[in-house]
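Taking it in order: structure first as structure tokens, then the write-up.
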């Protein structure tokens, strides 16, 4: 149980375009979902915490107008990278947790974004 | 702010030896400490966790110890195998707050 899917797994886009990444909890309802960015050989950098039905909470230094997060249902959160630039190229991983404790996180497989 | 320090950043062991990864946390209110394993290009996966009311937990070749007074917790892998090679992340959290991850330890198990 506790499976999280993420789509697409890999995307290549031109500079200036927007890219949407979906994160779904397949067999449980996720009150809270998290979006991380991971650079090569580095740790997980939390970008934002997404709660169903409310606005996402962004970490310091993360542009909310650049990285739009929508958590429309208890099983789906989306991250849209708007007007992507090469420096946005990275590995984006979502995770979901059960309940309000936000303890154990179940990670999606990640999306590798390459902006040309 | 809250911080989790993890050491070493890289660890190389011979197959069959033990591996130990150590973490320290700054927030004394933290009460949940998971460990995640991430293979190259894959998602992090929970391998073991411990809560603050427990000092030690074991699951086959993997064990975690917690010293609340010193705010230390450690991951112990015995009889290492090549498939244990991966990046391991420790983390600390408290109820209702975000999880703070360590920087990760790259473990190499040489056959």
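Quick notes
- Rounded to whole Å, sorted largest first: equivalent-ellipsoid semi-axes of the protein assembly as shown, Cα gyration tensor: 30, 21, 15
- The convex hull of the Cα atoms of chain B, projected and averaged over all directions, covers 6.7 nm².
- Pairwise Cα separations in region A:14-74 fall into 5 Å bins from 0 onward with the following percentages, short to long: 4, 16, 24, 24, 19, 10, 3, 0.
- Taking other Cβ atoms within 10 Å as a rough exposure proxy, A:21, B:100 sort from fewest to most as B:100, A:21.
- Relative contact order for chain A, counting Cα pairs under 8 Å that sit 6 or more residues apart, in percent: 37
- Choice from A:32, A:104, A:75 with maximal GNM fluctuation in chain A (Cα, 10 Å cutoff): A:104
- Order of B:85, B:26, A:54 - criterion: other Cβ atoms within 10 Å of each residue's Cβ, fewest first: A:54, B:26, B:85
- Convex hull volume of region A:56-116 per residue (C-alpha atoms, cubic angstrom): 103
- For the pair residue B:28 and residue B:106, the difference between a 0.36 nm per residue extended length and the Cα-Cα distance amounts to 25.4 nm.
- q = 0.12, 0.23 Å⁻¹, chain A: log10 I(q)/I(0) [Debye, one scatterer per Cα]: -0.37, -1.36
- Euclidean distance between Cα centres, region B:3-40 to region A:40-57, Å: 22
- A Förster distance of 41 Å, applied to the separation of the beta-carbon atoms of residue A:52 and residue B:42, puts the FRET efficiency at 0.95.
- Model label zone, residue B:67; criterion: amide N under 17 Å from point 7 Å along Cα-to-beta-carbon; scope region B:22-44: B:22-28
- Residue B:7-residue A:2 FRET efficiency (beta carbon distance; Förster radius 35 Å; 0.05 resolution): 0.75
- Cα→Cβ-extended label distance, 7 Å offset, between residue A:59 and residue B:54, nm: 2.7
- As a calculated quantity, the FRET efficiency between residue A:13 and residue A:72 at R0 = 22 Å, using C-beta atoms, amounts to about 0.45.
- Under 16 Å from the residue B:95 label point (7 Å along Cα→beta-carbon), backbone N, region B:29-71: B:29-33, B:51-54
Each reported figure results from applying straightforward, stated rules to the coordinates on display, with no laboratory input. Computed from a predicted model, the values in this text were never measured in an experiment. Glycine gets a Cβ as well: all are built from the backbone with ideal geometry, and neighbour counts include every protein chain shown.
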